[in-house]
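Novice: Shown below is the structure under consideration.
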Amino acid sequence: MLPIKLKSHIYWVGGIDWGLRNFHGYLTQRGSTYNAYLILDEKIALLDTVKYYLFDEMLERVSHVIDPAKIDYIISNHVEMDHSGGIVKLKEIAPKAAIITSPNGEKGLKAHYNKNWEFKVVKTGDTLKIGKRTLHFALTPMVHWPDNMVTYLPGDNILFSNDAFGQHLASSERFDDQYPINIIIEEAKKYYANIVLPYSKQVQKALADVSNFNIEMIAPSHGIIWREHLADIIGHYQKWSANQTDDKALIIYDTMWGSTEKIAVAIGRAFESEDIKITMLNLRHNHISDIMTEILTAKYVCVGSPTLNSNMLPTVAAFLTYLKGLAPQDRIGLAFGSYGWANRSVVQIDEILRGCGFNMLEKISVNYIPTETGLQEITSRIKGVIR
Ligand code: FEO
């Protein structure tokens with residue numbers, strides 16, 4: 001378990017979680033990493049730690065460079081336990097290490113670990129001289145928790161961005177010029193859609209706050225480090241945080257006896273005939289976190305369910321709960337589905353999507369089984385309103 005050099009005296013010493021497949025409900029098919037960084041100067045600083053079960057891996061990497069007992073500062077950019085989970089054990093090894101964190105970081109770390117640690121609390125604009133180098137701090141609350149901050153290292157021009165710009169991606173390669181860039185961007189998009197999306201306004205503020213920094217490298221707390229494709233990922237973050245979408249329609253549904261699926265296909269035909277790309281997403285075969293990745297850049301979000309026991313199907317309800325929490329803005333929505341004797345599901349879906357602030361097209365309900373003529377009418381009607 002070797003460290004990887006970012007620049008002279010700066011090392012990646014994190015842990016690789018090859019087997020991770022679920023991160024609080026988000027499907028992480030490619031695993032993840034928890035990135036910790038070691039900076040050697042007259043004082044030694046460790047930026048963040050790792051999830052508790054990868055502590056020994058982190059320690060082994062640190063030990064290849066220095067005696068971990070000599071760490072002077074633990075910079076905690078974020079309290080969430082995938083980054084703070086190694087602090088308790090590290091403090092046993094390096095008891096004199098001071099913890100540098102934000103005001104909410106101090107509160108959060110005390111609430112998580114209930115330890116009488118020495119804290120040095122920092123705010124935006126504060127600095128910490130560690131020798132020739134000086135660390136600069138900027139608070140980035142709600143990207144992803146209230147405690148988040150980033151650390152900037154001038155001279156080396158590295159932004160340690162914590163959750164921002166991260167990806168759940170386990171890999172031995174550490175840099176964006178060593179791994180297929182399309183996969184890194186895909187995972188960064190999924191990460192944004194499932195973790196960062198509700199905090200897009202705060203992301204825009206954070207992007208403005210760090211725009212004065214001369215950045216040559218962005219070292220996030222998950223996945224690959226950016227040194228070649230900085231403009232690409234910053235451009236994507238600007239687009240995603242501004243809720244800019246593509247002319248694309250998602251048709252997301254579950255079906256009981258096939259009627260709702262027939263309506264879904266009729267709706268899809270309408271978009272295709274207007275040259276709008278579609279993606280059909282049956283909730284039985286697609287995970288909600290993958291659907292959220294699609295929603296991040298889709299203008300139209302159509303959601304369908306038949307009525308079951310006076311409700312929508314549970315798969316659709318679970319998806320809508322997840323969607324509501326992640327709060328995408330400025331989408332055009334459509335509720336559709338079939339029913340037998342109680343037309344409930346479509347009304348419920350319509351209400352929820354309206355509650356999300358979507359601009360809703362007129363909902364579509366069909367009693368039992370749609371006829372061929374009925375399906376053609378649905379296609380014509382949708383074509384009429386999206387033209
Ligand atoms: Fe990677 Fe919000 O923790």
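Novice: If you keep only loop residues by DSSP, which GluC sites (Glu not before Pro) in the range 327-380 have at most 11 other Cβ atoms within 10 Å of their Cβ? Don't skip to the answer; put the middle values down first.
Specialist: Details: sites: E351, E362, E372, E377; in loops: E362.
Qualifying residues, ordered by number: E362.
Novice: In this model, which of K43/K205; K107/K132; K190/K277; K189/K383 are farther than 25 Å apart at the alpha-carbon?
Specialist: Numbers: K43/K205 32 Å; K107/K132 31 Å; K190/K277 20 Å; K189/K383 30 Å.
Distance filter (> 25 Å) returns K43/K205; K107/K132; K189/K383.
Novice: What is the antiparallel percent of DSSP beta bridges lying wholly in the range 4-241, to the nearest 5?
Specialist: Working: 26 of 40 bridges.
Given both bridge residues lie in the range 4-241, the antiparallel proportion sits at roughly 65 percent.
Novice: Do you know the relative contact order of the chain, to the nearest whole percent, from alpha carbon pairs under 8 angstrom that are 6+ apart?
Specialist: Values: 838 pairs, mean separation 44.6, N = 387.
In percent, rounded to a whole number, it is 12.
Novice: Could you tell me which trypsin sites (Lys or Arg not before Pro) in the range 102-165 are loop residues by DSSP with no more than 12 other beta carbons within 10 angstrom of their beta carbon?
Specialist: On the way: sites: K107, K110, K115, K120, K123, K129, K132, R133; in loops: K115, K123, K132, R133.
The qualifying sites are K115, K123, K132.
Novice: As I understand it, the value is the acute angle between the Cα axis of helix 230-241 and the longest principal axis of the Cα atoms of the chain; what does it come to in degrees, rounded to 10?
Specialist: On a 0 to 90 degree scale, this one is about 50.
Novice: Please say if the range 4-241 is rounded, prolate or oblate, where rounded means a/c under 1.5 for a ≥ b ≥ c the square roots of the C-alpha gyration tensor eigenvalues, and otherwise the choice is prolate for a/b larger than b/c and oblate otherwise?
Specialist: Because its axes are fairly even, with a/c under 1.5, the range 4-241 counts as rounded.
Novice: Rounding to the nearest 10 and keeping the result within 0 to 90°, find how far the Cα-based axis of helix 103-113 lies from the longest principal axis of the chain.
Specialist: Value to nearest ten degrees: 90.
Novice: Let me ask something additional. Go ahead and estimate [θ] at 222 nm for the chain from helices alone: -39,500 (n - 2.57) per DSSP H run with n ≥ 4, summed, over the residue count, rounded to 500.
Specialist: Numbers: 12 runs with 127 residues, N = 387.
Counting only the DSSP helices, I get -10000 deg cm²/dmol.
Novice: Residue-wise, which Karplus ³J(HN,Hα) couplings in Hz belong to the range 54-63, taking 6.51 cos²θ - 1.76 cosθ + 1.60, θ = phi - 60°, and x for glycine or proline?
Specialist: 10, 4, 5, 5, 4, 4, 4, 5, 4, 5
Novice: Could you point to the residue in L2, G19, Q29 farthest towards the positive end of the range 1-43's charge dipole, with +1 and -1 charges on the Cβ of Lys/Arg and Asp/Glu respectively?
Specialist: Comparing the listed Cα positions along the dipole, Q29 ranks first.
Novice: Please list, by residue number, every one of the chymotrypsin sites (Phe, Trp or Tyr not before Pro) in the range 221-329 that is coil in DSSP and has at most 13 other beta-carbon atoms within 10 Å. Walk me through the intermediate numbers first.
Specialist: Working: sites: W226, Y237, W240, Y253, W257, F271, Y300, F319, Y322; in loops: W257.
When the chymotrypsin sites (Phe, Trp or Tyr not before Pro) of the range 221-329 are filtered for loop state and at most 13 Cβ neighbours within 10 Å, W257 remain.
Novice: Here's a follow-up. Under unit Cβ charges (Lys, Arg +1; Asp, Glu -1), what dipole magnitude, rounded to 20 debye, does the chain have relative to its Cα centre?
Specialist: On the way: 40 positive and 42 negative charges, 128 e Å.
In total the dipole reaches around 620 debye.
Novice: Measuring from centroid to centroid over Cα atoms, what is the spacing of the range 152-195 and the range 55-75 in Å?
Specialist: Rounded to whole Å, the Cα centres lie 23 Å apart.
Novice: Quick one: of the DSSP bridges fully inside the range 249-386, what percent are antiparallel, nearest 5? Before the final figure, lay out each step's value.
Specialist: Numbers: 1 of 22 bridges.
Antiparallel: roughly 5 percent of the beta bridges in the range 249-386.
Novice: Just to confirm the number: angle between the C-alpha axis of helix 372-386 and the first principal axis of the chain, 0 to 90 degrees, nearest 10?
Specialist: Tilt relative to the chain: about 50 degrees.
Rule-based calculations on the coordinates, nothing more; no lab input. The shown structure was predicted, so the numbers you read here are calculated from the model rather than taken from an experiment. FYI the Cβ positions are ideal-geometry reconstructions off the backbone, even for glycines, and counts take in every protein chain you see.
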